[in-house]
Ligand SMILES: [Zn+2]
Ligand SMILES: [Zn+2]
């Protein structure tokens, strides 16, 4: 009957019932073992919270009122609540955000509180709440758990790879090996602390999902530290209020924090933590570290190449960014007294202040990393399919050579196109009238005009040269009317059908999940990162070699050249995603990527390279300094994201973040007990196995 109540009253799914039944069997077995004690039933509490408290699985949280506009944070104390309550009772306006972005600006002024009615009573409550998990407490829980500390120590004692050996993890990378702690000594070599026990030295990476929650983690996949969950999306530097809370929690660990007792060391030990890579998609990474967006003139976080020169594929000619200078400019941005001054620094250098710079060791240039998933699968592969080959299941396929040879437009940069600009442009295109004078407009205007008209130019061009280019263009187009770039699809219906047919004939290894059978049609939706990888590096390779590789005798044929070019990309990404990296593999990646990009420019003269293509040549340095990508990849973060979405949060407005964070932490803390507490394990072993089985079913995608 108990089982029926759980099954029917709470509408528990059949699969979950399997775990519950296993738990019931565990309980009965435990009862038998302890003989039946008549007081036993009275030991089962009425409220589940008593059990939660007993096992101490609730995290320590700090609550803040967050400004809905600027994301400034105010401690949510009893006093703050009382104050808001009393102004409401006195019929005065509710407290507002008094954050000033710089000394001369007006305060933000957004109301922070709202009223709600529950059971005929009116309450005052924050419009937006943000909750943070306490890092110190979380680390305490981790080091108190037997097993985890051992694993961390083992990792710490691993020796660096010998000369010529591949690097397998972040700890093998030069950045980590050369990193100096607060004492100026190599961070990788733990010292003996005051209690006589060796220090525990940890490195954490920071992840930030631009669409979903915010989180940071330690190297261990299941033991991830979730800093906070926030609703809304702070723009630009508004993320700094949240980063400040993270930095404040991290700073004590730079000098080392002493835990009086850990699972392995009864006399306690010091724990150090440094934040090294910030791993995100491009947008997130640039925002976290205070770089401009990737459409800015200075679009690259590594070098000072201007976006107009993106087709310069000779890395030796790029001027690298200097972290010290970055810090200086970012400080200037922070100290600026007006918005205009800030904008000027941002426009000229593409830099904003980021709170991460408060970490004395933070190197924004080296530590900001675009994760492989967004860079390779959802970046380079997707761009090749969608933008270069313009895949379209409704069109017949072609070879992209029918496109009229319109010179590729220069990449865009920020420019405010006012009515004067539009007038200039229409005059320029009015071939019957007199050409407008180009001596008055400034340099930026002429560049924007070139861009709009698809005229190729170099960023170092002077006004005179730009004006000459524009006049040439006018001359050339006066007689032949402007041609629009015709769509030119390489992968059309015919080729897709070949691919789909080959996929049916292909047997994939069991650990590779097959992409949807009719991918490329709207019905199948957008491909995921993993599906792109399979489609691009397996399915397309099989079919294109068959169709383009053998169909022609002529090795110089366009399709054969397109195939070779594409395979360079596949080779490069394959090596990039390997679980280890060495100088040989990096050289392999570099040479293939370099050839790929150069050939793209030749084969597709109407295509403009994207910032990702430029980054792809910097990635060699990432591999060299940060080790292979898997140790810092976002799929680990994505998993958190997934589990957060699974959580059954009670959707009270303003409470979602708190509920999600608590639920996530409880799950993680319960897992700690289940994984590492031998007594508990023994009691509920059968139920755990049942749980594992249904999770495995989920993993297979049912
Ligand atoms: Zn505000
Ligand atoms: Zn660059």
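The values are calculated or read from the model by the stated rules, or taken from the named source; none is laboratory data. Computed from a predicted model, the values in this text were never measured in an experiment. So basically every Cβ, Gly included, is an ideal-geometry build from the backbone, and we count neighbours across all protein chains shown.
When the range 276-306 is examined, which residues are found to be surrounded by fewer than 22 Cβ atoms within 10 Å (Cβ to Cβ) and assigned to a helix (DSSP H, G or I)?
Selection gives 283 alone.
Count, please, the residues in the range 307-319 that happen to be part of a loop (DSSP other than H, G, I, E, B) and under 19 Å from residue 625 (Cβ atoms).
Count: 2.
For the range 283-312, which residues satisfy the criterion of being away from ligand 2 (no atom under 12 Å from the Cβ) and under 17 Å from the mean Cα position of the chain (by Cα)?
Result: 283, 284, 285, 286, 287, 288, 289, 290, 292, 293.
What do you reckon, is residue 609 assigned by TED's automatic domain parsing to the domain that holds residue 380, away from ligand 1 (no atom under 16 Å from the Cβ), over 20 Å from residue 541 (Cα atoms) and not in a helix (DSSP H, G or I)?
The answer is yes for residue 609.
Somewhere in the range 284-297, is a residue without any contact (Cβ under 8 Å) to a residue 24 or more places away in the chain and touching a helix residue (DSSP H, G or I) at 6+ places or on another chain (Cβ under 9 Å)?
Within the range 284-297 (the criterion being without any contact (Cβ under 8 Å) to a residue 24 or more places away in the chain and touching a helix residue (DSSP H, G or I) at 6+ places or on another chain (Cβ under 9 Å)), the answer is yes, since at least one residue qualifies.
Which numbered condition in (1) crowded, with 16+ Cβ neighbours inside 10 Å; (2) out of contact with any helix residue (DSSP H, G or I) (no Cβ under 8 Å at 6 or more places or on another chain); (3) in contact (Cβ under 8 Å) with a residue 40 or more places away in the chain is the only one that residue 318 fails?
Of (1) crowded, with 16+ Cβ neighbours inside 10 Å; (2) out of contact with any helix residue (DSSP H, G or I) (no Cβ under 8 Å at 6 or more places or on another chain); (3) in contact (Cβ under 8 Å) with a residue 40 or more places away in the chain, only one is false for residue 318: (3).
Please go through the range 87-108 and pick out each residue that is within 9 Å of ligand 1 (Cβ to nearest atom), free of Cβ contacts under 8 Å to residues at least 24 places away in the same chain and closer than 15 Å to residue 238 by Cα.
98, 107
Name the strands (runs of 3 or more DSSP E) wholly within the range 97-195 that hold at least 1 residues that are within 30 Å of the chain's Cα centre (by Cα)?
So the answer is 121-126, 129-133.
Of all residues in the range 323-350, count the ones that are under 16 Å from residue 364 (Cβ atoms) and either assigned by TED's automatic domain parsing to the domain that holds residue 102 or not in a helix (DSSP H, G or I) (or both).
Residues flagged as under 16 Å from residue 364 (Cβ atoms) and either assigned by TED's automatic domain parsing to the domain that holds residue 102 or not in a helix (DSSP H, G or I) (or both) within the range 323-350 amount to 1.
Going by what's in this entry, would residue 84 be described as in contact (Cβ under 8 Å) with a residue 24 or more places away in the chain and within 26 Å of the chain's Cα centre (by Cα)?
The answer is no for residue 84.
So that you can scan it fast, the table gives a plain yes or no per residue for (1) more than 15 Å from residue 368 (Cα to Cα); (2) not assigned by TED's automatic domain parsing to the domain that holds residue 333:
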residue: 241; (1), (2): yes, yes
residue: 251; (1), (2): yes, yes
residue: 254; (1), (2): yes, yes
residue: 265; (1), (2): yes, yes
residue: 279; (1), (2): no, yes
residue: 282; (1), (2): no, yes
residue: 298; (1), (2): yes, no
residue: 302; (1), (2): no, no
residue: 321; (1), (2): no, no
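Scan the range 30-64 for residues that are surrounded by 13 or more Cβ atoms within 10 Å (Cβ to Cβ) and at pLDDT 75 or above and report the count.
So the answer is 10.
For the range 436-457, give me each residue that is modelled with pLDDT under 80 and surrounded by fewer than 17 Cβ atoms within 10 Å (Cβ to Cβ).
454, 456
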